[in-house]
1. For the range 44-97, which chymotrypsin sites (Phe, Trp or Tyr not before Pro) are in a loop by DSSP, counting at most 10 other Cβ atoms within 10 Å?
2. Applying 1/(1 + (r/R0)^6) with R0 = 25 Å to the Cβ-Cβ distance of ASN23 and PHE92, what FRET efficiency is obtained, to the nearest 0.05?
3. Rounded if a/c is under 1.5, else prolate if a/b beats b/c, else oblate: with a ≥ b ≥ c from the C-alpha gyration tensor eigenvalues square-rooted, which is the range 23-97?
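Throughout, read-outs are computed from the coordinates displayed, never taken from laboratory work. Just so you know, these numbers come straight off a predicted model, no measurement behind them. Here Cβ is always computed from backbone atoms with ideal geometry, including for glycine, and neighbour counts include all displayed protein chains.
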Amino acid sequence: MAEEKERKGEKKYKYSVIVPTYNERLNIALIVYLIFKHLRDVDFEIIVVDDGSPDGTQEIVKQLQDLYGEDRILLRARAKKLGLGTAYIHGFEACYR
């Protein structure tokens, strides 16, 4: 289908879903699963920006990378809690790199 669109001259877009986290160990797997479930026909990447969660969120994200692929789930870890706004900015900077 993507090849057909490219042949017709239509642009194919890739989307980035930014998910800021802090202590989301119990929620991140469900969030990722639901994104994959509802965006089946969409070319996307998930950028998880974690602010140094002490609960092991980053380890769960690494397991999800093994499952879904490091090209589909990107972990952008930060050393400490720096806030939601700057987490989104950090995620925007990571888009398409």
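1. TYR96
2. 0.65
3. In terms of gyration-tensor shape, oblate.
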